[in-house]
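The values are calculated or read from the model by the stated rules, or taken from the named source; none is laboratory data. This one's a predicted model, so the numbers in the text were calculated from it and none came from an experiment. Heads up, the Cβs are rebuilt from the backbone with ideal geometry, glycines too, and the neighbour counts pull from every protein chain shown.
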2 protein chains.
Amino acid sequence: MPTGEKLEVVEKVVENPDSISIKHTIDTNVELDTHVISPLKYFEARSRFNDESDRHTTVLLILNQQINILPDLFAKLWNNATLKVCADGGLNRLRDYDSTSSAYIPDYVVGDLDSAKKENIEHYQSLGTKKILQSSQYYTDFMKALSLINTFFNFPDIISDINHLDTVDALEKLEEERSAESGTKVKALKIVVLGGVGGRFDQTMATINQIWNLSSRRPHLQFVILNPEHTEIIVLLKPGFNFVAYPRFTPQEETEVFGIITEKSRPGLRNVGVLPILSDAVITTYGLKWDVENWRTGLTTKMSSSNLQVGKEGFIIWTNKHLFVDFEL
Amino acid sequence: MPTGEKLEVVEKVVENPDSISIKHTIDTNVELDTHVISPLKYFEARSRFNDESDRHTTVLLILNQQINILPDLFAKLWNNATLKVCADGGLNRLRDYDSTSSAYIPDYVVGDLDSAKKENIEHYQSLGTKKILQSSQYYTDFMKALSLINTFFNFPDIISDINHLDTVDALEKLEEERSAESGTKVKALKIVVLGGVGGRFDQTMATINQIWNLSSRRPHLQFVILNPEHTEIIVLLKPGFNFVAYPRFTPQEETEVFGIITEKSRPGLRNVGVLPILSDAVITTYGLKWDVENWRTGLTTKMSSSNLQVGKEGFIIWTNKHLFVDFEL
């Protein structure tokens, strides 16, 4: 009995030289529906922001984890965000990081406020920070901060009532209802989350879980997680082509862009990890030291970690499922 | 048309007081096939080791990540292991941690040795450490270390040839073949892995991936991962009842057991996270602040992170699937 023809998909791994151009792939494969991730815009000097509207919807959210990144990098991160929010104990971490100058005054501190020290709350309140108490134990401080941020930009008519919405998570509920009603009419927000990854393991995985849940429920929120202890960025990739537009610079170019040399960039290549932790996936990559094609990957099978960026223009990951990618700054 | 009766499994969450006994659950539910995890035995003073044979098969494996744990705790960890192995750059971390005393001399340094500094290799070689070069790029230093460890205990007849097996991962292949042949007759080994979690995110997930793969392929290897930066333990739980036998102590009892007060134990309760990252699972817990019953959990749905241990005797997790748990020391 003849069997039907079976379409064989062949997995491939190619080892590339330390520097290649992926311009051809960008030109031929990267279409309008490609997801372009431009991490630089959060760290560049203000004058280099390509699209001014981006800055107006960029938020810095500081979670409760030690901040250990280069001061120049932190300054650019801060200056590139319109709104700065500390989730509860994140306020202590900001004060510890900036203990002498008080150069960084967040717009809000939000959460059940069992972690933020009273003296720090008073210090920042005296400098203009608004305190938003959200005392429910059924949402995390991270979720509460996100409700505040989304309300601030998308439902400013209820933000003035925010202090009446403090005890029963009325804000979270109201904001969810409003979000559901307004559908796609809401503004897309870019949220740089400082912390939540790199500390205790359950907190790291809880961050991944929450980023996934928030991204699914509110697709207008785009997250960039910055590990405050090892200076890497983690983003959620969507099915399809994802182009991480992060060129490799000469030291001189890098100084022009960042104003500084980043910690890990020279000498050596940037580490990249492709992390299929939400589900198994099939991926094809362009611009990595070990590029793969039609490669089945999963947390219980095989993964591409400690890979390196060799693409001059950045790197591209095509995937059939959502997955996370991390890369060093 | 009548439909068949549907068996409804009801999820429950119970908030417990800060101290409860789970003795009744241990006595009634914890049968012979329960998996008992006794983290204390790796940290106790030697005299308190319950089962002398445990020590003879306990290994400390140091990976390439900064060591930042209490000296007294490290000393006990070291003294409770028969064999001490550094995977490549782990040797540098050990030297950095113990730069003045040279009290800790590992038995082996293994890997492609592109990270371990020449001066550190020479330093430890002069004190008796054996250097095992395994230069293949197709296995990680972690995998190579595991092959060495398994060979050391289970196939001592080939360990003397180890320096002839250095360039083509002959050791890894031979050890795998031998393991497959000998089946279940091999010795169970307890491997405390210091590092691999808590640093760069792709390295953390790669550790999880490798622990899973190694545990599946070689079930006689049992792993305990110690996060060297935040003093937490991570273990893989099997389907069924898992009893983490980690009593809550008074400060005096704790001093008797550890010789010291651990960092996170007093005041406050130990953090616990139940992490269904390999697949979704259904769990029931006993001895946590927020105990759950028939609770569906998954990385893309809901997870129990930042939970607390309130069980005096430890805590129990029943699960229908493999999952990871982390808890603070």
Note to self: Within the range A:291-306, take every residue that is surrounded by fewer than 17 Cβ atoms within 10 Å (Cβ to Cβ) and assigned to a loop (DSSP other than H, G, I, E, B) and give me the one that is farthest from the other protein chains (Cβ to nearest Cβ).
What the structure shows: A:Asn294
Check: Residues of the range B:198-211 being within 7 Å of chain A (Cβ to nearest Cβ), touching a Phe, Trp or Tyr at 6+ places or on another chain (Cβ under 9 Å) and surrounded by fewer than 23 Cβ atoms within 10 Å (Cβ to Cβ), which ones?
Finding: B:Ala206
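Identify all residues within the range A:61-78 that are under 26 Å from A:Asn154 (Cα atoms) and modelled with pLDDT of 90 or more; write none if there are none.
A:Leu61, A:Ile62, A:Leu63, A:Asn64, A:Leu77, A:Trp78
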Next item on the list: Might you let me know whether the range A:281-290 holds any residue that is part of a loop (DSSP other than H, G, I, E, B) and touching a Ser or Thr at 6+ places or on another chain (Cβ under 7 Å)?
Entry: no
Notebook entry, point to check: When you scan the range B:128-145, how many residues do you find that are under 14 Å from B:Lys84 (Cβ atoms) and of a type outside the set (Lys, Arg)?
Noted result: 4
Note to self: Condition (residue is surrounded by fewer than 14 Cβ atoms within 10 Å (Cβ to Cβ), out of contact with any Ser or Thr (no Cβ under 8 Å at 6 or more places or on another chain) and modelled with pLDDT under 90) applied to the range A:53-60: is it met by at least one residue?
What the structure shows: yes
Item checked: Lone unmet requirement of (1) free of Cβ contacts under 8 Å to residues at least 40 places away in the same chain; (2) surrounded by 19 or more Cβ atoms within 10 Å (Cβ to Cβ); (3) of a type in the set (A, V, I, L, M, F, W, C) for A:Leu127 -> (2)
Check: Hey, among the residues in the range A:212-232 that are touching a Lys or Arg at 6+ places or on another chain (Cβ under 8 Å) and facing chain B (nearest Cβ under 7 Å), which one's farthest from A:Ser279 (Cα to Cα)?
Finding: A:His230
Checklist line | Selection within the range A:278-290 - more than 29 Å from A:Gln210 (Cα to Cα) and either within 12 Å of chain B (Cβ to nearest Cβ) or among the β-branched types (Val, Ile, Thr) (or both) | finding: A:Lys289, A:Trp290
Item checked: Scan of the range A:225-256 for residues that are surrounded by 16 or more Cβ atoms within 10 Å (Cβ to Cβ) and at positive phi, ordered by number -> A:Thr231
Item checked: Of the criteria (1) at pLDDT 95 or above; (2) under 25 Å from A:Asp114 (Cα atoms); (3) under 20 Å from the mean Cα position of the chain (by Cα), which one B:Asp291 fails -> (3)
Item checked: Failed condition for B:Ile191, given (1) under 19 Å from A:Asn271 (Cα atoms); (2) away from chain A (no Cβ under 14 Å); (3) among the β-branched types (Val, Ile, Thr) -> (1)
Item checked: Residues of the range A:307-329 satisfying the condition of being within 14 Å of chain B (Cβ to nearest Cβ), surrounded by 18 or more Cβ atoms within 10 Å (Cβ to Cβ) and in a loop (DSSP other than H, G, I, E, B) -> A:His322, A:Leu329
Note to self: B:Asp96 - would you say it is assigned to a helix (DSSP H, G or I), touching a residue at least 60 places away in the same chain (Cβ under 8 Å) and surrounded by fewer than 17 Cβ atoms within 10 Å (Cβ to Cβ)?
What the structure shows: no
Item checked: Count of residues meeting criterion [modelled with pLDDT of 80 or more and surrounded by 12 or more Cβ atoms within 10 Å (Cβ to Cβ)] in the range B:24-35 -> 4
Check: If you scan the range A:245-280, which residues turn out to be assigned to a strand (DSSP E or B) and at pLDDT below 95?
Finding: A:Asn271
Check: Do you know which of the residues in the range A:121-155 that are among the aromatic types (Phe, Trp, Tyr) and in a loop (DSSP other than H, G, I, E, B) is farthest from A:Leu221 (Cα to Cα)?
Finding: A:Tyr138
Notebook entry, point to check: For the range B:106-124, which residues satisfy the criterion of being surrounded by 15 or more Cβ atoms within 10 Å (Cβ to Cβ), at pLDDT 95 or above and not small (Gly, Ala, Ser)?
Noted result: B:Pro106, B:Asp107, B:Tyr108, B:Val109, B:Asn120, B:Ile121, B:His123, B:Tyr124
